Amino acid sequence: MATNLATRLVSAIRLARADTAFGVPGGGPNLDVVEAMSDQAIRFILAHGETAACIMAATYGAITDRPAPVVVTRGPGAASAVNGAAQATLDRQSLVLITDTVSSASQERVPHQRLDQRAMLAPVTVGAITFGNNSTDADLANVVAEAVRWPRGTVHINYDADAGSIGTSNVVIRPETAELVANDAAMKAIEAKVRNATKPVVIVGVATLESSAEIRSALVSFGAPVLSTYQSTGVISSENDLHAGLFTNGASERPLLEQADLVIAVGLDMVEPIPSAWNYDAPVVSLALAATVDPYLPIAAEVVGDLATLSTRLLKGSNQWKQDAAARHRESVRSKLRGHISDTSNGTGRDGLGASESGLDPIDLVTMVAEHAPDPVTVCVDAGAHFLAVMPFWPVHDPARLFISNGLATMGYSVPAAIGAALARPGESVISFVGDGGLGMTLAELETIVRLDLPITVVVFNDATLSLIDIKQKPGFANRNVVGYTLTDFAATARSFGLDATVVETLDELRTALAGNWNRPRLLDARIDPSSYRHLIEVTRGD
């Protein structure tokens, strides 16, 4: 009976075109599901941690457009998967999380590993079902389909072989979004605003990944400066003359937006900007896949529908921007970022817990890796101060070639995301940019890279410090123990897992290390001078 139930579960996932699963299975029902996956030609990738497995699956699904299931055990397995489920949901990626559970037949007498897993995961999921013998295949299919409905996210399948049907109340999915119909009045209002604008600026967001080619064509035809959120990087090439750089609602884009007389948000999700005030006078219009419900921006008019269709129709007209306005703004920001200021004003220096003022400049590291990287390449970026150097300088010419956790902004993202990307694009090189803190959280997944023989180059920004938190400390805060680690030789650790690995402290050493080996698992332990990070955050965010 349990085997038949597992087969039904996997069949529903297979109908959604899943071909690869990830996870850390336990015994019993978990193994039935994994076996059923093998029977239905779904390969299973064993990870070391449940959150890492979720990140691998979400990235794999984002590239292949196939929801990838994750299998974890009850109790600690489900609890450990919460952060990975949150990442997929807040970063708008599809994920199907399968947990077994203390069976309904044993609930009253077995407290061991008994948690209300549905309640625990509810805040970070967009749909759920407790799937048992009397559950319908239709209900299961509806929950799986919810993972790919915009905005995408995690659905939770609580697998209970003893569960009977509880009726439709057992199934929880989001209500249908109250869409604003793209009626003639709304369309004409936006058309008039666009037509009358002399200096419009377009902000593209994560939803543009759904139809990026058509939107790119509309942007180029429109000819106004374009700002990209982190996750939409590459919808228009980062080096295109119309690309003005990144939008985070920080300081770096302010000079451009202050000149705008209209801001056009295309596929912008309010989970993407940092939580800063909106301080611009220009009216905002929105072209969206789903109605905006968060009052983050003062949206004057919004239409909801297919973004390719809306962009093609509404992004029309002329403007009075100088031809090189976008590129000049972008390069001005990059120039300011390069104007490093050595800042030790907090009075502590960098002499504690193995940290040092000597080492590679983060921007020099990023630009040299970019010069040597093969084409094509996929880049995954972890949370931490190093992303302030990566995001403005890494060239991205196509969508879904750079991945970063933006909605959740979780550390421990980059290495498992790189594994998912390498599996989704077999034979292509992948780069993981990660700080020492983020790598510490996912160190065991280096074994996964070696076991699968994936062409991943892990570049560690190693300064033995939680640098982004360090620069947010108030002046005079002298407790180094809250942000500093002992300096770790990650190269030696990586070699123990079987990666090619080396420590690099100078540009010459980096140049030598980057020669060749892009098709092998390897790690570069880059010793970083963190003194420029404070300057980078001031230019980027104004903090």
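The values are calculated or read from the model by the stated rules, or taken from the named source; none is laboratory data. Keep in mind that what you see is a predicted model, and the values were worked out from it rather than measured. FYI the Cβ positions are ideal-geometry reconstructions off the backbone, even for glycines, and counts take in every protein chain you see.
Is there a residue in region 317-338 that is at pLDDT below 95, in a loop (DSSP other than H, G, I, E, B) and within 24 Å of the chain's Cα centre (by Cα)?
no
If the Cβ limit is 6 Å and pairs must be 6+ apart or interchain, which residue in region 20-34 that is in the same structural domain as Met56 (by TED's automatic domain parsing) and more than 14 Å from His48 (Cα to Cα) pairs with which residue that is outside any helix (DSSP H, G or I) and among the acidic types (Asp, Glu)?
Pro29/Asp100; Asn30/Asp100
Is it true that Asn249 is modelled with pLDDT of 95 or more and either closer than 22 Å to Asn319 by Cα or in a strand (DSSP E or B) (or both)?
No: the conditions fail for Asn249.
State which residue pairs qualify: first residue in the same structural domain as Asp453 (by TED's automatic domain parsing) and inside region 506-518, second residue assigned to a helix (DSSP H, G or I) and hydrophobic (A, V, I, L, M, F, W, C) in any location, beta carbons under 6 Å apart, and separation of 6 or more residues or different chains.
Pairs that qualify, where the first residue is in the same structural domain as Asp453 (by TED's automatic domain parsing) and the partner is assigned to a helix (DSSP H, G or I) and hydrophobic (A, V, I, L, M, F, W, C), are Leu510/Met368.
Considering only region 432-479, how many residues are hydrophobic (A, V, I, L, M, F, W, C), modelled with pLDDT under 95 and loosely packed, with under 15 Cβ neighbours inside 10 Å?
3
Can you tell me which residue is surrounded by the fewest Cβ atoms within 10 Å (Cβ to Cβ) among those in region 10-35 that are small (Gly, Ala, Ser) and under 16 Å from Leu97 (Cα atoms)?
Out of the qualifying residues, it is Ser11.
Quick one: which residue in Val226, Val171, Val194 is surrounded by 18 or more Cβ atoms within 10 Å (Cβ to Cβ) and within 26 Å of Gly61 (Cα to Cα)?
Criteria check complete, one pass: Val171.
For region 219-256, how many residues are charged (D, E, K, R) and in contact with a Leu (Cβ under 6 Å, 6 or more places away or on another chain)?
Qualifying residue count for the region: 1.
Do we find that Ala68 is hydrophobic (A, V, I, L, M, F, W, C) and more than 17 Å from Met120 (Cβ to Cβ) in this structure?
It is true that Ala68 is hydrophobic (A, V, I, L, M, F, W, C) and more than 17 Å from Met120 (Cβ to Cβ).
Which ones in region 512-543 are among the aromatic types (Phe, Trp, Tyr) and under 30 Å from Ala277 (Cβ atoms)?
Within region 512-543, Tyr533 is the sole residue that qualifies.
Which members of region 394-406 meet the condition of being of a type outside the set (S, T, N, Q) and either in contact with an Asp or Glu (Cβ under 6 Å, 6 or more places away or on another chain) or outside any strand (DSSP E or B) (or both)?
Correct list: Trp394, Pro395, Val396, His397, Asp398, Pro399, Ala400, Arg401.
Mind checking which residues of region 380-393 are surrounded by 22 or more Cβ atoms within 10 Å (Cβ to Cβ) and outside any helix (DSSP H, G or I)?
Cys380, Val381, Asp382, Gly384, Ala385, His386
Quick one: which of Thr99, Thr7 is surrounded by 24 or more Cβ atoms within 10 Å (Cβ to Cβ), outside the structural domain of Ala409 (by TED's automatic domain parsing) and of a type in the set (S, T, N, Q)?
Result: Thr99 is the single residue among Thr99, Thr7 that is surrounded by 24 or more Cβ atoms within 10 Å (Cβ to Cβ), outside the structural domain of Ala409 (by TED's automatic domain parsing) and of a type in the set (S, T, N, Q).
All but one of (1) surrounded by 18 or more Cβ atoms within 10 Å (Cβ to Cβ); (2) closer than 30 Å to Ala370 by Cα; (3) modelled with pLDDT under 95 hold for Ile274; which doesn't?
The one condition Ile274 does not meet is (1).
If you go through region 358-382, how many residues are more than 22 Å from the chain's Cα centre (by Cα) and small (Gly, Ala, Ser)?
2
Please find, among Pro76, Pro111, Pro151, the residue that is in contact with an Asp or Glu (Cβ under 9 Å, 6 or more places away or on another chain) and surrounded by fewer than 17 Cβ atoms within 10 Å (Cβ to Cβ).
Only one candidate qualifies: Pro76.
Output yes when any residue across region 51-58 is surrounded by fewer than 21 Cβ atoms within 10 Å (Cβ to Cβ) and either touching a residue at least 24 places away in the same chain (Cβ under 8 Å) or not in a helix (DSSP H, G or I) (or both), and no when none is.
no
What number of residues within region 407-457 satisfy the criterion of being among the hydroxyl-bearing types (Ser, Thr, Tyr) and part of a loop (DSSP other than H, G, I, E, B)?
Total satisfying the criteria: 2.
Condition (residue is at pLDDT 95 or above, of a type outside the set (Lys, Arg) and touching a Pro at 6+ places or on another chain (Cβ under 8 Å)) applied to region 97-117: is it met by at least one residue?
Among the residues of region 97-117, at least one is at pLDDT 95 or above, of a type outside the set (Lys, Arg) and touching a Pro at 6+ places or on another chain (Cβ under 8 Å), which makes the answer yes.
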